[in-house]
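In what follows, a single structure is set out as structure tokens and then discussed.
The values are calculated or read from the model by the stated rules, or taken from the named source; none is laboratory data. Predicted model, so just to flag it, every value in this text is computed and none were measured. Virtual Cβ from ideal backbone geometry, glycine too; neighbours counted across all protein chains shown. Keep in mind that these areas ignore ligands, DNA and RNA; they rest on the heavy atoms of the full protein, side chains included. Shrake-Rupley method; radii C 1.70, N 1.55, O 1.52, S 1.80 Å.
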Amino acid sequence: MATILTLLQKVNYLDEGGQRLIEKAYAKAEVNHRGVFRKSGEPFIQHPLKVALKLADLNMDAETIAAALLHDLHEDSGISLKELQNEFGSQIAEMVNGVSKLHRVKLGEEDPEAQTERQIEALRKMFVSMAKDLRVVLIKLADRWHNLETLFALPPKKQKEIALETLKIYAPLAYRLGMGEIKGILEDLAFPYAYPEEYEELKKMALPKYEVRKKYIEKVKKILADDLKEAKIEHEIHGRAKHMYSLYKKLKKYDYDMDKIYDLVALRVIVSEIHDCYAVLGLIHKRWKPLLGRIKDYIAIPKPNGYQSLHTTVFCQDGEIVEFQIRTKKMHEKAEYGVAAHWHYTEQTTPKEFKQGAIRTEKATLMSENELRWVKELTVWQKELKDSKDFFEALKLDLFKDRIFVFTPKGDVVDLPEGATPIDFAYYIHTDIGNSAFGAKVNGKMLSLSAELKNGDIVEILTAKNIKPSQDWLRIVKTAKARERIKSWLKKATEV
Ligand code: MN
């Protein structure tokens, strides 16, 4: 069992004040959770403590770790936000409030419609809290992480529900925040509960191959290390086993042919400078022939989530195919921990300045703004809604391909099924607006009422008093609500 001492040892990167804050938060949580046990049999305090430990592993700031310790007090122990604010300040109280709000997403019924609704609701709440304070979402991810670790204690129905929700929402979200390692961990924890049969099958298939591969990779590692040493390039090389769930997804694409998976164990070369990355790539290609079309320069052109690395796949020793990933230490940390890496850097690079908690938040946000386009757009979301089109494009709503999000001119989000029209939008806003709509301005341009709306569109409905809904609209609309309202208007009209 973890104790406060475990945590205090881990946060020795924080100053005295930060450590005292964490101790105080722990004391508050411990007293109020005392006598309460989780389904896993552990005392409840172990949960917030372990969530805090995960965030300490990411070198998060003191406020975040304190808020993590307090995160279930409001919801489960009825401690008021006022009380938390008085004792810990408004920033921490706000974070606890944010996490509690995310908790309150109701678990819906089993029908897919309700599930989708629930997920959209969960996501929307998360976007809003991310825009306010990204750290809330990091606490939420750590919270989910520990809940998955203790998922065995829950009834099967609940296990599956939480596991599927993780795969659909939390893992993609972690990915979008650039936290590749966290995404992989969440997926691998959820996988056996979400798809138990597929998981067992995969284990049987992959484990023997994986063992063979590991030995082979060790050989390759030595050869490359010698080359790098001779070239006087300081480096680290890690053999990296592919995460089970991402292997599963890839195998599905390749008809379950293990021989087509080149990165079952990939080699990661970590160097200190960018020019070393290219030098390493050159050395690898000098020794082994690259496969055409498999050289990727994500340093020059980063992935949308900020990921940077050089990738290449080569015909290696004995004709085996091996993938190499080459990156700097900084890129590596960002690839593993994404936005959380920012706090890490701020702590290490400018310790003095960051001793003052208030500056830290602002600066951390600033750093993400500079370095992670997506998060930047996220955090300014509510302020600059005119740019929301780009925001949603970057967001890649393939999380739910079947829904689109559009905006009112005031910036309220409206979610509609794919293919929805301005008429659907109008009825979503208000029946009277639907009934008197004659045209639509989409992103400032006039469009017909039957046009198909797209993600991120800003929609304004033009209305006039003498307008009437038309029978034709029934063929165009995509939402039940619009259809129902039009029908009822038509019915009334014929009655008169
Ligand atoms: Mn919790």
Checklist entry - Top to bottom by accessible area (1.4 Å), largest first, where do 210, 216 land? => result 210, 216
Checklist outcome for this item: The extension gain from residue 231 to residue 462, computed as 0.36 nm times the residue separation minus the Cα-Cα distance, is 76.3 nm
Item to check | Where a label projected 7 Å from the Cα of residue 209 along Cα→Cβ would reach, residues of the range 309-339 with amide N under 16 Å | outcome: 320-323
Checklist entry - Quick one: if the Förster radius is 35 Å, what FRET efficiency do residue 221 and residue 198 give, using the C-beta to C-beta distance and rounding to 0.05? => result 0.65
Checklist outcome for this item: Taking protein heavy atoms only, a 1.4 Å probe, and rounding to whole percent, the accessible area of the range 401-495 owed to carbon and sulfur comes out at 52 percent
Next on the checklist: Along its three principal axes, how long is the range 253-327 when you only count alpha carbons? Whole Å, largest extent first please.
Outcome noted: 36, 31, 20
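Using mean Cβ contacts within 10 Å as the protection proxy, how do 285-295, 459-469 order, highest first? Spell out each step's value before the answer.
On the way: 285-295: 12.6, 459-469: 14.5.
The packing order, highest mean first, is 459-469, 285-295.
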Item to check | Shape metrics for the range 233-290, restricted to C-alpha atoms - Rg then Dmax, Å | outcome: 14.4, 40
Next on the checklist: Just to confirm, what accessible area per residue do you get for the range 196-337 at 1.4 Å probe, in whole Å²?
Outcome noted: 56 Å²
Checklist entry - For residue 484 and residue 291 in the same chain, what is the full-extension length gain: residue separation times 0.36 nm, less their Cα-Cα distance, in nm? => result 63.8 nm
Checklist entry - Listed here are the pairs 232/296; 250/330; 54/250; 260/289; 229/296; 242/296; which of them are more than 20 Å apart at the Cα? => result 232/296; 250/330; 54/250; 229/296
Checklist entry - Which FRET efficiency, nearest 0.05, do residue 6 and residue 154 yield, Cβ-Cβ r, R0 22 Å? => result 0.30
Next on the checklist: Ignoring solvent entirely, what values of log10 I(q)/I(0) come out of the Debye formula for the range 401-495 at 0.20, 0.22, 0.25 Å⁻¹ when each Cα is a single scatterer?
Outcome noted: -0.89, -1.07, -1.37
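Which entries in 28/82; 221/249; 168/249; 101/334; 39/157; 303/334 show an alpha-carbon gap greater than 24 Å? Don't skip to the answer; put the middle values down first.
On the way: 28/82 14 Å; 221/249 27 Å; 168/249 13 Å; 101/334 28 Å; 39/157 15 Å; 303/334 12 Å.
Correct reply: 221/249; 101/334.
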